[in-house]
Amino acid sequence: MCHNNIMCKKILLIQLLFVFSCAPSLHTKSSESPAIPKEAYYHYVLGYEAELLGKWENALHNYSEALKIDPSSPYLRTQISYVLLRTGKIPDAIAMTEETVKANPDYVPALMLLGELYNSQKNTDKAIRFFEKALKLDATQAGAYLFLGILYAEERRYPDAKEILESFLKTDPDNVMGMYYLGLINMDLKDYDKAAEYFSKVTEISPNFDAAYLNLGVISELKGDLKQAEKHYKKSVELNPHNTLAQERLTQIYLKDKTVDKAIEQLRSMSIQEPANLDIHRRLGFLYIESKQYDRAIEEFSIVLRAKPADVQIRYYLAVALEEADRYKEAAEELKRVIAVDPKNIGAFLHLGFIYSKEGQHTNAVKMYEEILSFEKGKPEVYVYLGVSYMQLKDYKKAEGIFLEGLGLFPNDAELNFNMAVIHEKTGRFEEMVKYLKRTVEINPEHADALNYLGYSYADKGINLEEALSLVQNALKLKPDDGYIIDSLGWVYFKMGRHEDAVKTLQKAMGIVNNDPVIYEHLGDVYISQGLNKDALDAWENALKFHEKEEGLKQRVEEKIKNLKLKIKN
């Protein structure tokens, strides 16, 4: 069974493309020795030479002159029909070939040509009828077998398709096209083992048949063997560097296998071959963002926008890449262009708000989030960002109002509950803070920040220390390398009287976050409790270097330093 519907559809597309595009030609022009009268032979030779040179009008003129001399010649009439076909005069070619068949009903070359002509017009029933008649008259017509196999399969007459092609292989056991089409038919029937058997035989007889390797790759991919699929696709591309289907499948399996670097390499190779293919540049841009290669993402998206400046989606992702590359001014300009074209593009407003927040422009960030709420109130994260921006402006009353409004719409949103807890902590309402933190953990038991916040808050007050330890340890399991949570654990140890554990833990936290004033303050507090006055002084002085990151810390730590120096002096 094929469990991947998208893949199955792609297989059918691959099959169709290779039947009519990549496979060797099924053109069945007659190779019989023409019985041309001497009087007409001169014009026939000129027409034949012109046809070989692709001079179709000269060929048509000379064949027509020869036909005037021998008007009943089915050979000349068929030659003219082929030239008409090559010059795109399909109705004329059909009309002449039908006249030829009417006068010569058993003339196989004309029957074969008429089958091809009707096939080109998607008149499958008539095409089948003429190929069947040609094959009945001449069982050596390889083209008739192959065309019939393809057309039967198109009509879902799979038993007939298999029977005709298997009969053909009995007469010509090494015919790679017969094997190839049988492989395709078995793929349609989802008999992948049988299909692989035929494609493998094709590669044994014709090692340069890149389409067979492509289909072997598809079968391996469907079976979940990505390594084998990669091997087959690479072989297909090696044989035919312009086999875009094989290149595309290679890209897709690299993405499935989460080897983004290989997918990028493959798309870059495709981009070199097709520099004007904007879809490749677009996809490269997305992959570069995923792999955090933002400068390259910017290059790829810029290529797309030079050709399609109105592409809002790509302009938005260009802005995202610029933002990630810390090119905030350029990112903001691109986001403003997006908003000018799409005034309700939530993503653009959000990212513009993020940029303003990063640059400390919290008033502008507020404007962005309020603009979103003017047309979209269904996203809880907007209330979170807006409330946090008001917190940055120290407008706690406004922030609380925003969070309350959000919770009225989304009472079970963990982030809204968490930030409501933060507001209560900042405004000195401990019990209310605890209530919202517990509600956050109830909604999301793996909310590491809420677990840590609650555990640290208990420790800071010197209460519920065993519970505090458990909360912080659970947070650390979720974020084992988070320096701030490690700091909380050290502070819990200190409050529990486990001073050695506290020192080791706080030093570990400082090794991860070496510019946080609170960690230095905590370390100083632990040192002073152990009588390590010099170490405590050094830690507190380091805390003052970063005091602007923590409101109220400067005054608090300066007082500790002052008291310690007085103690040392006395």
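Observations on the model:
- Between the range 507-552 and the range 413-459, the alpha-carbon center distance in angstrom: 25
- Per-residue HN-Hα couplings for the range 390-397 [Karplus 6.51, -1.76, 1.60; θ = phi - 60°; Hz; x = Gly/Pro]: 5, 4, 4, 7, 6, 9, 5, 5
- Residue ranges 548-561, 401-414, 52-65, 107-120 sort as 107-120, 401-414, 52-65, 548-561 when ordered by packing (mean number of other C-beta atoms within 10 Å per residue, highest first).
- In straight-distance terms, cross-link reach from K122 covers every one of the lysines whose alpha-carbon lies under 19 Å from its own, apart from those fewer than eight places away in the same chain; here that gives K89, K133.
- Helix-only arithmetic for the chain: the sum of -39500 (n - 2.57) across DSSP H runs with n ≥ 4, divided by the residue total, places the mean residue ellipticity at 222 nm at -24500 deg cm²/dmol.
- Nearest 10 degrees, 0 to 90: helix 192-205 Cα axis against the chain principal axis: 60
- Straight-distance crosslink candidates among lysines, where the alpha carbon sits under 23 Å from K367 and sequence neighbours closer than 8 are dropped: K329, K336, K344, K358, K377, K379, K394, K397, K398
- Among 90-96, 325-331, 421-427, the order from most to least packed when residues are scored by Cβ within 10 Å on average: 421-427, 90-96, 325-331
- Folded to 0 to 90 degrees: helix 533-545 orientation relative to the chain principal axis, Cα: 50
- Degrees separating the helix 124-137 axis from the principal Cα axis of the chain, which is the longest one: 50
- Dipole magnitude for the chain: about 760 debye, using +1 per Lys or Arg Cβ and -1 per Asp or Glu Cβ, origin at the Cα centre.
- Here K258 is the anchor, and the lysines within straight C-alpha reach of less than 28 Å, apart from those fewer than 8 places off in the same chain, are K9, K10, K190, K223, K227, K231, K234, K235, K292, K477, K479.
- Cα convex hull, the range 312-439: 101 Å³ per residue, rounded to a whole number.
- Taking only the Cα atoms of the range 435-508, the ratio Rg/Rh comes out at 0.96, with Rh defined as the Kirkwood radius.
- Net length gained if the chain between E446 and R157 were fully extended (0.36 nm per residue, minus Cα distance): 98.3 nm
- For the chain, the spread of Cα positions along the three principal axes, ordered from largest to smallest, is 132, 48, 43 Å.
Any read-out appearing in this document is the output of simple, stated calculations on the displayed coordinates, not a laboratory observation. These figures come from a predicted structure and were not determined experimentally. Virtual Cβ from ideal backbone geometry, glycine too; neighbours counted across all protein chains shown.
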